[in-house]
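Provided herewith is a single structure, encoded as structure tokens, for subsequent inquiry.
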Amino acid sequence: MTKVHLFLKLLSLFTLALLTSCGSVQKIAVGTTGSLMYEATRGLETQGNWDNFKNGTLANLTLIDGLLHLKPEDTELLVTAIKGYTGYAFAVNESLYLEDYFKDELQSHEKDQAIYNYAKAFSYGVKFLESEGISWDTLVKSQNQEGGVVQVLDNHLSKKMLHYEGVIFAAQALGGMINLQKTDMALVANLPIVKGMFDWVCSNEPSINFGACQIFYATYEASRPRMLGGNPEKGKEIFLKLIAEQPNNWLARVAFMQYYIIPMVEEDDYKTQKFFMETALRKHYKELMGSPSRKMERDFSEPRLRLYQSLAIKRYEIIKKYEEELF
């Protein structure tokens, strides 16, 4: 099915859902649309132009909000909304906030927008968990029970990608809220739940999203003080192992810069990663320009990595702009 045909089918189904007065027909139409939209999120990962992702995503998320109003219990729509708002907060709002952070801006519109979008993603995450019989209160209480968060998720969820994505993106949303509001100790207290949610997904699907688990665990170790159980050297080890295993996931390198190298002021490590990213940057823009006679670089052999690569380029360009102040 071509993209045009898919779009027309989505449009016709959505129009049917809005116009029909029959609730059952409406829910069937929305359910079919929800399934298509969930599958279509994989296509978004092939977007190599960060600006196109930034400018095009929110309109789609607003459409998903409308569909969820018609069928709030639709699992595929809920997971699509969780992924969408979490992805936008991380890829767009947090990336743009990085510049405000380096400039020590006390007020940041992008930081606020990141928090708002993470919060919306997490609210959908709570609804997703509730639809599977898990209340937020149950997760909180599980921390004092045998097996903890992992056991609760194991008891209620299936081991399939839909549930893995619902949990890991909801966890990322909550983790993002915590990271951006570290002075809110009531919020920070939920960090063990975030880790438990990641533990459940990553123990079952360790390669999900080309290294999302490893980036989380590396950041988790590197960003916490030793007195709170952090281990920066272990974080660095996880980052370097991921970079070796996933050389085309440039986001792993930029995350290494952002969450370990810059806080630890490791200038030699920065120069090593910068040398690689300068080549990656040139390849990225050359690929965007296109050429019918040019052979595809091996870096782009996995189409779903393109969004991660474009995000890495965006953040690297911001880091590079402030490198003299950082080191």
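Could you give every pair whose Cβ atoms fall below 9 Å, whose first residue belongs to region 289-303 and is farther than 20 Å from Trp250 by Cα, and whose second residue is loosely packed, with under 13 Cβ neighbours inside 10 Å and of a type in the set (A, V, I, L, M, F, W, C), counting only separations of at least 6 or pairs across chains?
That search, which allows pairs on different chains as well, returns nothing.
Given (1) under 19 Å from Ser123 (Cα atoms); (2) not in a helix (DSSP H, G or I), where does Leu106 come up short, assuming only one miss?
(1)
If only one of Gly66, Gly48, Gly56 is closer than 30 Å to Glu325 by Cβ and either touching a residue at least 12 places away in the same chain (Cβ under 8 Å) or of a type outside the set (Ser, Thr, Tyr) (or both), which one is it?
One residue alone meets the criteria, Gly48.
Matching residues to (1) of a type in the set (Val, Ile, Thr); (2) closer than 23 Å to Thr41 by Cβ; (3) at pLDDT below 95; (4) touching a Phe, Trp or Tyr at 6+ places or on another chain (Cβ under 7 Å):
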position: Gly290; (1), (2), (3), (4): no, no, yes, no
position: Lys295; (1), (2), (3), (4): no, no, yes, no
position: Tyr308; (1), (2), (3), (4): no, yes, no, yes
position: Leu311; (1), (2), (3), (4): no, yes, no, yes
position: Tyr316; (1), (2), (3), (4): no, no, no, no
position: Glu323; (1), (2), (3), (4): no, no, no, no
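Oh, and also: Go through region 100-121 and report how many residues are under 20 Å from Asn52 (Cβ atoms) and open to solvent by 30 Å² or more (accessible area, probe 1.4 Å).
2
Would you pick out the residues in region 163-190 that are in contact with a helix residue (DSSP H, G or I) (Cβ under 6 Å, 6 or more places away or on another chain) and aliphatic (A, V, I, L, M)?
Matches in region 163-190: Val167, Ile168, Ala170, Ala171, Ala173, Leu174, Met177, Ile178, Leu180, Leu187, Val188.
Pairs please, first residue from region 204-225 and closer than 25 Å to Thr46 by Cα, second anywhere and part of a loop (DSSP other than H, G, I, E, B) and of a type in the set (Asp, Glu), Cβ atoms under 8 Å, 6+ apart in sequence or on different chains.
Phe210/Glu302
Right, next: Just give me the residues in region 153-176 being outside any loop (DSSP other than H, G, I, E, B) and small (Gly, Ala, Ser), in sequence order.
Gly166, Ala170, Ala171, Ala173, Gly175, Gly176, listed by residue number.
List the pairs whose first member sits in region 83-94 and is within 13 Å of Trp50 (Cα to Cα) and not assigned by the TED database to the domain that holds Glu317, whose second member is of a type in the set (Gly, Ala, Ser) and surrounded by fewer than 23 Cβ atoms within 10 Å (Cβ to Cβ), and whose Cβ atoms are under 6 Å apart, counting only residues at least 6 apart or on separate chains?
none
Right, Met227: modelled with pLDDT under 95 and in the same structural domain as Ser301 (by the TED database) or not?
Answer is yes for this residue.
Does region 145-152 contain at least one residue that is within 23 Å of Gly87 (Cα to Cα) and either part of a helix (DSSP H, G or I) or open to solvent by 10 Å² or more (accessible area, probe 1.4 Å) (or both)?
No - not one qualifying residue is present in region 145-152.
Let me ask something else. I need a count of the residues in region 109-138 that are within 30 Å of Gln151 (Cα to Cα), touching a Leu at 6+ places or on another chain (Cβ under 8 Å) and part of a helix (DSSP H, G or I).
10
Of the residues that make up region 44-67, is at least one part of a helix (DSSP H, G or I), at pLDDT 70 or above, farther than 23 Å from Phe90 by Cα and not assigned by the TED database to the domain that holds Arg306?
The answer is yes, given that some residue of region 44-67 is part of a helix (DSSP H, G or I), at pLDDT 70 or above, farther than 23 Å from Phe90 by Cα and not assigned by the TED database to the domain that holds Arg306.
Determine whether region 236-255 contains at least one residue that is at positive phi and in contact (Cβ under 8 Å) with a residue 60 or more places away in the chain.
No, region 236-255 contains no residue that is at positive phi and in contact (Cβ under 8 Å) with a residue 60 or more places away in the chain.
Determine whether region 131-142 contains at least one residue that is free of Cβ contacts under 8 Å to residues at least 60 places away in the same chain, open to solvent by 60 Å² or more (accessible area, probe 1.4 Å) and among the hydrophobic types (A, V, I, L, M, F, W, C).
Within region 131-142, one or more residues are free of Cβ contacts under 8 Å to residues at least 60 places away in the same chain, open to solvent by 60 Å² or more (accessible area, probe 1.4 Å) and among the hydrophobic types (A, V, I, L, M, F, W, C).
May I pose another question? Working carefully through the options Leu174, Leu180, Leu162, Leu157, find the one that is among the hydrophobic types (A, V, I, L, M, F, W, C) and more than 17 Å from the chain's Cα centre (by Cα).
Leu157
Take residues that are open to solvent by 40 Å² or more (accessible area, probe 1.4 Å) and among the polar types (S, T, N, Q) and tell me which of the helices (runs of 4 or more DSSP H) falling wholly in region 230-327 contain 2 or more.
267-289
The values are calculated or read from the model by the stated rules, or taken from the named source; none is laboratory data. Small disclaimer: the values here were computed from a predicted structure and weren't measured. Backbone-built Cβ (ideal geometry, glycine too); neighbour counts: all protein chains shown. We work out accessible area using only protein heavy atoms, side chains counted, and drop any ligands, DNA or RNA first. Shrake-Rupley method; radii C 1.70, N 1.55, O 1.52, S 1.80 Å.
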